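Let me begin by presenting the structure, written as structure tokens, before commenting on it.
The values are calculated or read from the model by the stated rules, or taken from the named source; none is laboratory data. These figures come from a predicted structure and were not determined experimentally. As a convention, Cβ positions derive from the backbone with ideal geometry for all residues, glycine included, and neighbour counts pool all protein chains shown.
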Amino acid sequence: MNNKKIFKINILNKLIDLGVGSVESFFPKNYSYSKLGREILGFDNTDKNEYLNKKELSSVLSQLKRDGLVQRSGSKMKSIWKATHEGKKYIQKAGKELLVQEDGVQRLVIFDIPEKDRKKRNWLRNKLISLKYKMLQKSVWIGYAPLPKRLMREINLMRLQSHVYIFSVKSETD
């Protein structure tokens, strides 16, 4: 699955979580952590090393609307966006495509990727988000699905294997 599709899925997922949202809701002005929040939510454009801007977000929302996955209400300048029933079905289907089936084994992914490799760090965070892993701390993530072999190969190709640690925790019941 390409990054553009994951990006669209992240936005659609956030609209489903929020119920409704506006372009402004993705760019709160008064919160210093909003830039980091956009990065963690997968709104980082690593090709340009810039963050998604309002114009790009509007473009993605328009594409989602054209595909029937979201609907817009209100004036163009103050649009309110909401996921449609088709959008929710799409997320369920995309989730099956994105996720390896959960197997009940809790996994911790811990990484310490140097600042000079910030793009790689952001890439890994986006991959973990797409796999429904949750952040415990900035570099500690938890999930219940095995990491796909393709992701493990990409970690090796990017020479991150010495910076990424994966622990599985399985409890036995009597």
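Results, tabulated for the structure shown:
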item: Per-region count, segment 111-143, residues surrounded by fewer than 15 Cβ atoms within 10 Å (Cβ to Cβ) and farther than 26 Å from residue 93 by Cβ; result: 10
item: Segment 105-129, residues that are under 12 Å from residue 160 (Cα atoms) and assigned to a loop (DSSP other than H, G, I, E, B); result: 112, 113, 114
item: Complete set of residues in segment 130-174 that are small (Gly, Ala, Ser) and either in contact with a strand residue (DSSP E or B) (Cβ under 9 Å, 6 or more places away or on another chain) or outside any loop (DSSP other than H, G, I, E, B) (or both); result: 130, 139, 143, 145, 168, 171
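Residue by residue, here is whether (1) modelled with pLDDT of 85 or more; (2) surrounded by 11 or more Cβ atoms within 10 Å (Cβ to Cβ); (3) part of a helix (DSSP H, G or I) holds:
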| position | (1), (2), (3) |
| --- | --- |
| 58 | no, yes, yes |
| 61 | yes, yes, yes |
| 71 | yes, yes, no |
| 77 | no, no, yes |
| 81 | yes, yes, no |
| 88 | yes, yes, yes |
| 96 | no, no, yes |
| 103 | no, yes, no |
